Amino acid sequence: MLTVLACVCISGSIVSAPLAEAIPTPAHLDDNYYVENITPSVGETLGCDQGTIDSSLSKDSIVSLDFGAQNTSNNGNYLPKVNTPVTYAQVEAWAEQFAIGYYSCTGTDTSSTLYMGITTNNSGSYVNSTSGQGWATVVGVVQTWINTYAGQVAARGGMDFEPWTGLPNQSPTSARNWITGWSNTTSAGYLNIGSADGCSQTGTGAGPTSDGLACNHSWYQGDEWWVSYGAPPATVYPEIYTSAQALQWGWISDYGYVYKSDAVAFTGPLDEYDLNSGTNTPTVAWNDLYNAVNSHVGTSQSTFAHATEMHNAT
């Protein structure tokens, strides 16, 4: 059998990494949402849609519900894109209705499970240990409600970690503090659906801070690795809107393998093709991430559990 080889550099040396002969068929697409309409019935309808799909295919799904940045009072959010202020109670109610919609519409299927990421981001001016604690409390309230009124849904945290514009509260230190607050409050995991803006597409290394090569706004490959996978509660399915982003994440995983002995195990790619047809299709996003992680010694994955796509919940 023919083995295709690719040359990659690790710690300054060139080695050969076997590439898979065939890319596996992408997983069925799970729908993720920017929540722009906080009306609970909207969440229930979309949850029902996902439950119907999962039941028909006898599969699990992973879904991020993005409620935007937390406010400085740690009692609410600003919805993404529309910037509408909402309270944590409204966030909880919307997520709960998504969960009951899912549960109701799985029907006689009692095995399919929704892993529901209740998601915020680090674009705002209040990203610290206290906001991490606050978000963990929100997720805990939703899970308690699910345990009483629904089933087949596991509430998780969610975070869109990105370098953004470099404001102090968008720093990697603030991100790590948020994770500390989260971890001190709950044993639940969180899903990172972020990007690695400015990170290298061609290599890794110890760098001036011994944390990999520099990315945008004082972030490093090591910071991206930590918030996405190195931190104990973290799971990641990153933005793969472009082929360049896949290359960035491949090298971040390589950083983890070389310098932390812990390559990233990606849950799968996230695309936004429904919102921007100039970006990767779901299949291209899947293929790009698969090729990127299978181009390095020690980071290969035979497949991904999920494929996800962003939509607007309006």
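So, in region 90-139, of the ones that are of a type outside the set (F, W, Y) and touching a Pro at 6+ places or on another chain (Cβ under 7 Å), which residue ends up nearest to Q152 (Cα to Cα)?
Selected residue: Q97.
Are any residues in region 169-189 assigned to a loop (DSSP other than H, G, I, E, B) and among the small types (G, A, S), and if so, which ones?
Within region 169-189, S171, S187, A188, G189 qualify.
Counting only residues that are within 15 Å of S253 (Cα to Cα) and touching a strand residue (DSSP E or B) at 6+ places or on another chain (Cβ under 8 Å), how many does region 271-297 have?
Qualifying residue count, region 271-297: 5.
Condition check ((1) over 19 Å from Y115 (Cβ atoms); (2) in contact with a strand residue (DSSP E or B) (Cβ under 7 Å, 6 or more places away or on another chain); (3) in a loop (DSSP other than H, G, I, E, B)) across all residues:
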{"position": "L191", "(1), (2), (3)": "no, yes, no"}
{"position": "Q201", "(1), (2), (3)": "yes, no, yes"}
{"position": "A244", "(1), (2), (3)": "yes, no, no"}
{"position": "W251", "(1), (2), (3)": "yes, no, no"}
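Where in region 1-82 are there strands (runs of 3 or more DSSP E), lying fully within it, with 2 or more residues that are surrounded by 14 or more Cβ atoms within 10 Å (Cβ to Cβ), at negative phi and modelled with pLDDT of 95 or more?
Passing ranges, in order: 29-35, 61-66, 76-78.
Just checking, does region 182-192 include any residue being within 13 Å of W249 (Cβ to Cβ), buried (at least 23 other Cβ atoms within 10 Å of the Cβ) and hydrophobic (A, V, I, L, M, F, W, C)?
no
What pairs come out if I take residues in region 154-174 that are farther than 15 Å from N128 by Cβ and pair them with residues that are among the charged types (D, E, K, R) and part of a helix (DSSP H, G or I) whose C-beta lies under 9 Å away, six or more apart or interchain?
P163/D223; P163/E224
What is the one condition in (1) over 20 Å from T119 (Cβ atoms); (2) surrounded by fewer than 22 Cβ atoms within 10 Å (Cβ to Cβ) that T314 does not satisfy?
(1)
Please work out if A93 is within 21 Å of I193 (Cβ to Cβ), at pLDDT 95 or above, assigned to a helix (DSSP H, G or I) and small (G, A, S).
Here the answer is no, as A93 does not meet what is asked.
Restrict the check to region 109-123 and report whether at least one residue is farther than 21 Å from T267 by Cα, of a type in the set (S, T, Y) and either in contact with a strand residue (DSSP E or B) (Cβ under 9 Å, 6 or more places away or on another chain) or crowded, with 20+ Cβ neighbours inside 10 Å (or both).
Yes, some residue in region 109-123 is farther than 21 Å from T267 by Cα, of a type in the set (S, T, Y) and either in contact with a strand residue (DSSP E or B) (Cβ under 9 Å, 6 or more places away or on another chain) or crowded, with 20+ Cβ neighbours inside 10 Å (or both).
Yes/no per residue for (1) assigned to a strand (DSSP E or B); (2) within 14 Å of the chain's Cα centre (by Cα); (3) at pLDDT below 95; (4) under 15 Å from P24 (Cβ atoms):
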residue	(1), (2), (3), (4)
V258	no, no, yes, no
T279	no, no, no, no
N287	no, no, no, yes
Q301	no, no, no, yes
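Assigned to a helix (DSSP H, G or I), more than 18 Å from G132 (Cα to Cα) and within 20 Å of the chain's Cα centre (by Cα), is that true of A99?
Spelling it out, A99 is indeed assigned to a helix (DSSP H, G or I), more than 18 Å from G132 (Cα to Cα) and within 20 Å of the chain's Cα centre (by Cα).
Considering every residue within region 288-295, establish whether at least one is in contact with a Leu (Cβ under 7 Å, 6 or more places away or on another chain), of a type outside the set (A, V, I, L, M, F, W, C) and closer than 26 Å to L114 by Cα.
Scanning region 288-295, I find no residue that is in contact with a Leu (Cβ under 7 Å, 6 or more places away or on another chain), of a type outside the set (A, V, I, L, M, F, W, C) and closer than 26 Å to L114 by Cα, so the answer is no.
Go through region 239-287 and give me each residue that's among the polar types (S, T, N, Q) and crowded, with 21+ Cβ neighbours inside 10 Å.
Hits for region 239-287 are Q245, Q248, S253, T267, N280.
Could you please find all residues in region 90-99 being more than 12 Å from V42 (Cα to Cα), surrounded by fewer than 24 Cβ atoms within 10 Å (Cβ to Cβ) and not polar (S, T, N, Q)?
Scanning region 90-99 gives a single hit, E92.
The values are calculated or read from the model by the stated rules, or taken from the named source; none is laboratory data. The model shown is predicted, which means the values in this text are computed figures rather than measured ones. Here the Cβ is made from the backbone with ideal geometry for all residues, glycine too, and neighbour counts use every protein chain on show.
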